[in-house]
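Peer 1: Following this message is one structure expressed as structure tokens.
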Amino acid sequence: MPIYVYEVVTDSEEGGERFEILQKITDRPLKRHPETGQPVRRVPTAPNVRKGYHPQSTEKSLSDKNLDRLGFTKYVKQKDGGYEKRVGSGPDTLDGYK
């Protein structure tokens, strides 16, 4: 489902506060802010399309080596319900997250 950008319509017809909302393509555009009830309009934005998607490139970008290089810590769930660190600089285990 796409994320749409809306803005509150002010009295001067200028754009007000902007917010994002996840909607189905088939959903009608919102006319009112879901929380405040203020009138809103959808803001045209460029779609975020990933060009040249290949599962192999995703696997490579999420590899342990690449995650470590980028400064992330990766944990893997163990049979006992705890988590064990595979790469990164965090604690070796996360036993409190069972």
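Peer 1: Using modelled amide H (1.01 Å from N, peptide plane; none on Pro or chain starts), what sits under 5 Å from the amide H of residue 33, excluding residues fewer than 5 places away?
Peer 2: For residue 33, the qualifying residues are 38, 40.
Peer 1: Below 16 Å, Cα to Cα, which aspartates and glutamates can residue 85 reach? Residues fewer than 8 away in the same chain don't count.
Peer 2: Cross-link targets: 64, 68, 95.
Bear in mind that the values in this text are calculations on the coordinates, not laboratory data. On a predicted model such as this, the values are computed, not experimentally measured, just so you know.
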